[in-house]
Amino acid sequence: MNAQEIIDLEHENVLGVYGRPAFVLERGEGCTLYDTEGKAYLDCVAGIAVNALGYNDPGVNRAMQEAGATGMLHVSNLYTTAPQARLAALLCETSFADKVHFSLSGADANEGAFKFARRYAREHGHDEKYHILAFSNAFHGRLFGSLAATPRPKYQDPFLPLMPGVRFAEFNDIESARQQMDENVCAIIVEPIQGEGGIYPASQQFLQGLRELADEYDALLIFDEVQCGVGRTGHLWAYQGYGVEPDILTAAKPLAGGLPIGAILMRQKVADAMHPGDHASTFAGNPYTTHVAHHVVDRIADPAFLADVQAKGDLLVDLLEELNSPHILEVRGEGLMVGVQMDIDAAPIMSAAYDRGLLVLIAGPNVLRFVPPLVISEDEIKQAVATVGEILQEM
């Protein structure tokens, strides 16, 4: 089948909720994807911050072969498997966490975190303590609970009513957060670096203030690191760059290098509030995916790997700032999670990049987003920025 035949087949049979460009991706190697016509695309999207180790990585391939060789892709959480136990141990060893619960996606992990927070409050005798404080510009997912904490009318309005009990304050404004806090708030959820909202890093003072508010009101502090976690910022976990620890952390996107998985990391006091049967998932934490995820996390956790991410992130920011385009208002982010604030619509830049063999994202209408594989080379970063520079000159 040629590209147009595949696109026609998709349009005929797949629900049309995605706006896709007019090419069909077929294979990948390193940080490059190829379509069915053989055209190469330097990938600065990485499956939306998922493919941290790029494409056709020998180590990931070997881990998949090892996992597949057991013939045990799935056995359910009715039984214990070594890969799940080993991955949970690694996640605890490399973070603040005492326990881990596996899920299937980032939204799924956030839904679970909300349940755990409400269970924690009730376990301590507070039946009315079920409210969740979230923030402007946030994105926590598209399920009924996670969507309720994502204050975007375009996403929310078609599906009202959503989960009740969510209130909002202004991101990076601790006084706004304090005004929304009371004894009925069981959890505060925040992205240390907002992703879909435009690549806005939280300030250290803001996260420290939220930690203090959570302690003051006996609420749980949840860090949503679905996009900014697992090495993306040059720290294994974004919170480690701030020196502020949460009670719960949600992770997903890059955790298994492209296989679907999510995780809820938690302190022991949260785990103590949960009981057998309180939460479950059929497919979560299956031995195949957790074996691969262990390989991915173990590699990314290497201090030398993380230092390299920080260095390449600094290079990316420096090169983008050197473009000195009148359309660029600000370059911001951490590590290889960078947003370019424009004074024009960013979508045409993304579309023009397709024609030049570059994949980039937007994050809101005016922000061009770079979240490439963490293994991207310096030369590839230079190539990506040069391509964007050419597009801006033409505009």
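Read the figures in this text as sums done on the coordinates, not as results from a lab. Since the model is a prediction, treat every value here as computed from it, not as a measurement. FYI the Cβ positions are ideal-geometry reconstructions off the backbone, even for glycines, and counts take in every protein chain you see.
Can you tell me the length gained on complete extension of the stretch A82 to Y34, counting 0.36 nm per residue apart and subtracting the Cα distance?
13.7 nm
If each residue's Cβ is checked for other Cβ atoms within 10 Å, how do H279, H140 rank with the fewest at the top?
H279, H140
Taking the Cα-to-Cβ direction at N56 and at L9 and moving 7 Å from each Cα, how far apart do the two end points lie in nm?
2.2 nm
Taking only C-alpha pairs under 8 Å that are 6+ residues apart, what is the relative contact order of the chain in percent?
22 percent
Near the amide H of L220, under 5 Å away, which other amide H atoms are found, from residues 5 or more places off or on another chain, if H is placed in the peptide plane?
HN-HN under 5 Å from L220: A187, I188.
Could you tell me how far the Cα centroid of the range 305-375 sits from the Cα centroid of the range 61-107, in Å?
Centre-to-centre (Cα) distance: 33 Å.
Taking the number of other C-beta atoms within 10 Å as the exposure measure, put T81, T289, T282 in order starting with the fewest.
Ranked by crowding around the Cβ, least crowded first: T282, T81, T289.
Considering only C-alpha atoms, what is the centroid distance from the range 198-228 to the range 9-30, in Å?
Value for the Cα centre distance between the two parts: 36 Å.
Kirkwood hydrodynamic radius, the range 27-81, all distinct C-alpha pairs: what's the number in Å?
Numbers: mean 1/r = 0.0745 Å⁻¹.
Result for the range 27-81 stands at 13.4 Å.
Given +1 on the Cβ of Lys and Arg, -1 on the Cβ of Asp and Glu, and no further charges, what dipole in debye does the chain carry about its Cα centre, rounded to the nearest 20?
900 debye
Can you give the longest run of the chain that contains no chymotrypsin sites (Phe, Trp or Tyr not before Pro) sitting in a DSSP loop with at most 12 other Cβ atoms inside 10 Å?
Answer - 80-395.
List, in the order given, every pair from K39/K312; K253/K312; K115/K253; K253/K382; K115/K269; K39/K253 whose Cα-Cα distance in the structure shown is over 23 Å.
Working: K39/K312 26 Å; K253/K312 20 Å; K115/K253 21 Å; K253/K382 25 Å; K115/K269 14 Å; K39/K253 26 Å.
Too far apart for the 23 Å limit: K39/K312; K253/K382; K39/K253.
Among rounded, prolate and oblate, which fits the range 70-300 when a ≥ b ≥ c are the square roots of the eigenvalues of its C-alpha gyration tensor, a/c under 1.5 means rounded, and a/b larger than b/c means prolate?
Because a/c hits 1.5 or more and a/b exceeds b/c, the range 70-300 counts as prolate.
Per-residue HN-Hα couplings for the range 227-239, Karplus 6.51 cos²θ - 1.76 cosθ + 1.60 at θ = phi - 60°, whole Hz, x for Gly and Pro?
9, 8, x, 6, x, 4, 8, x, 10, 4, 10, 4, 4
Which order results if K39, K154 are arranged by neighbouring Cβ count within 10 Å, fewest first?
Numbers: K39 15, K154 6.
Ascending Cβ contact count within 10 Å gives the list K154, K39.
Dipole size in debye (nearest 20) for the range 71-145 around its Cα centre, Lys and Arg Cβ +1, Asp and Glu Cβ -1?
That gives a dipole near 80 debye.
So what are the ³J(HN,Hα) numbers for the range 92-104, from phi and the Karplus equation (6.51, -1.76, 1.60; θ = phi - 60°), rounded to whole Hz, Gly and Pro as x?
5, 5, 9, 9, 6, 6, 9, 9, 9, 10, 8, 9, 10
State, to one decimal in nm², a quarter of the convex hull surface area for the C-alpha atoms of the chain, i.e. the direction-averaged projected area. Display every interim value, and only then the final one.
On the way: hull surface 79.6 nm².
If you wrap the Cα atoms of the chain in a convex hull and average its projections, you get 19.9 nm².
Along the range 206-214, what does the Karplus equation 6.51 cos²θ - 1.76 cosθ + 1.60 (θ = phi - 60°) give for ³J(HN,Hα), rounded to whole Hz, x for Gly and Pro?
Coupling constants for the range 206-214: 5, 5, 5, x, 5, 4, 5, 5, 4 Hz.
Starting from the Cα-Cα distance between A69 and Q393, subtract it from 0.36 nm times their residue separation and give me the gain in nm to one decimal. Before the final figure, lay out each step's value.
Working: separation 324, 0.36 × 324 = 116.64 nm, distance 5.21 nm.
Extra length from A69 to Q393 when fully extended: 111.4 nm.
Give the shape of the range 171-312 as rounded, prolate or oblate, defined through the alpha-carbon gyration tensor: a ≥ b ≥ c are the square roots of its eigenvalues, a/c under 1.5 means rounded, and otherwise the shape is prolate if a/b is larger than b/c and oblate if not.
In terms of gyration-tensor shape, oblate.
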